[in-house]
1. Among the residues of segment 26-56, count how many are within 14 Å of ligand 1 (Cβ to nearest atom) and either open to solvent by 10 Å² or more (accessible area, probe 1.4 Å) or not β-branched (V, I, T) (or both).
2. Which members of segment 154-171 meet the condition of being among the hydrophobic types (A, V, I, L, M, F, W, C) and away from ligand 1 (no atom under 16 Å from the Cβ)?
3. From the list N92, N157, N96, pick out the single residue that is under 15 Å from the mean Cα position of the chain (by Cα) and over 30 Å from G38 (Cα atoms).
4. Does segment 203-219 hold any residues that are open to solvent by less than 20 Å² (accessible area, probe 1.4 Å) and of a type outside the set (A, V, I, L, M), and which are they?
5. Any residue in segment 202-213 that is in a helix (DSSP H, G or I) and within 16 Å of ligand 1 (Cβ to nearest atom)?
6. One residue is enough: does segment 74-83 have a residue meeting the conditions within 16 Å of ligand 1 (Cβ to nearest atom), in contact with a strand residue (DSSP E or B) (Cβ under 9 Å, 6 or more places away or on another chain) and in contact (Cβ under 8 Å) with a residue 60 or more places away in the chain?
7. Can you work out which of the residues in segment 177-193 that are away from ligand 2 (no atom under 11 Å from the Cβ) and under 15 Å from the mean Cα position of the chain (by Cα) is most open to solvent (accessible area, probe 1.4 Å)?
8. Just to be sure before I move on: is S23 on the phi < 0 side of the Ramachandran plot and more than 16 Å from ligand 2 (Cβ to nearest atom) in the structure I sent?
Amino acid sequence: MISLQNISKSYQQHQSILQAVHSVSLNIDKGEIHGVIGASGAGKSTLLRLMNVLETPDQGTIVVNNQTLTTLPNRKLREARRSIGMIFQHFNLVSNKTVFDNVAVPLELTGYSKKAKVDRVNECLKFVGLEHKAEQYPAQLSGGQKQRVAIARALANRPAVLLCDEPTSALDPQTTAGILDVLKTVNQEFGVTIVIVSHEMDVVRSICDKVTVMDGGKILETVSIETEPYMI
Ligand code: ADP
Ligand code: ADP
């Protein structure tokens, strides 16, 4: 479902070049929940942003959902990105839009009719248990509720892949457990392939089928793991 072949990404920092991701190859199967762990600065977040080409690699090939993203013209890339949802540590909701309108954002430039859009947003809000918050603003929600809205928004276009950058790092253990349940359901019910960058080992252990360990921009290893329940 996701294939990175010999990917490198460097950044200009002051006078020097920093190699954030260095000749990395990785395959993630359809339906997998894949964790990416490693110390701060290891390149985890860059690797995740490469998977939907939010970062353009210096070299290498990125294939997601049978599309070679690295060779697509911009318009096609924007289309392809609709099948890749993303959520973040700090939710990244639009503060002056209601919950409903936040979830509707990804549907704006699609061919959905007004009615289909409204139905789809309500369906997604129902899925995360927040239909009753549709007319509220992000500032009126708890952290866990904000992340549920972000998940609803990421699901609006029925993605094949969901990329999660530290999805529970800003949340307390109780709320974390709830979000992990939602992510598990997304995976099981819709067959969505999920990639989770996290520094929380208990989170990774409770939900991931496989884990990739990064250090210094390289992959040290990718291993299968036995899941253990997340303990609050
Ligand atoms: P992690 O997610 O594992 O903490 P990152 O992928 O965020 O690691 O960062 C890897 C390295 O790349 C770090 O040294 C970081 O400072 C650097 N880096 C990340 N993004 C940028 C950027 N936009 N500009 C310059 N350097 C960056
Ligand atoms: P349909 O597409 O005909 O509605 P599906 O069996 O594909 O039927 O989906 C059943 C339900 O799951 C629908 O409510 C649909 O919106 C939702 N769904 C399916 N795939 C996804 C996905 N990848 N992400 C989010 N929701 C999905």
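The values are calculated or read from the model by the stated rules, or taken from the named source; none is laboratory data. Every value quoted in this text rests on a predicted model; they were computed, and no experiment measured them. Using ideal geometry, Cβ is built from the backbone for each residue, glycine included, and neighbour counts are taken over all protein chains shown. Remember, those area values only see protein heavy atoms, side chains included, never the ligands or the DNA or RNA. Shrake-Rupley method; radii C 1.70, N 1.55, O 1.52, S 1.80 Å.
1. Adding up the residues that qualify gives 19.
2. Here is the first cut: in segment 154-171, the residues among the hydrophobic types (A, V, I, L, M, F, W, C) are 154-156, 160-164, 170-171.
If the condition is that a residue be among the hydrophobic types (A, V, I, L, M, F, W, C) and away from ligand 1 (no atom under 16 Å from the Cβ), then A154, L155, A156, A160, V161, L162, L171 are the ones that fit.
3. Exactly one of N92, N157, N96 is under 15 Å from the mean Cα position of the chain (by Cα) and over 30 Å from G38 (Cα atoms), namely N157.
4. Correct list: S206, C208, T212, G217.
5. The initial filter retains those residues of segment 202-213 that are in a helix (DSSP H, G or I), namely 202-207.
Next cut, within 16 Å of ligand 1 (Cβ to nearest atom) only: 203-204.
Scanning segment 202-213 turns up at least one residue that is in a helix (DSSP H, G or I) and within 16 Å of ligand 1 (Cβ to nearest atom).
6. no
7. Of all residues in segment 177-193, those away from ligand 2 (no atom under 11 Å from the Cβ) come to 177-184, 188.
With the extra rule that they be under 15 Å from the mean Cα position of the chain (by Cα), the set shrinks to 179-180, 182-184.
Numbers: I179: 1, L180: 5, V182: 14, L183: 0, K184: 69 Å².
For segment 177-193, the residue satisfying everything is K184.
8. Numbers: on the phi < 0 side of the Ramachandran plot: no; more than 16 Å from ligand 2 (Cβ to nearest atom): yes.
So S23 does not fit the description; no.
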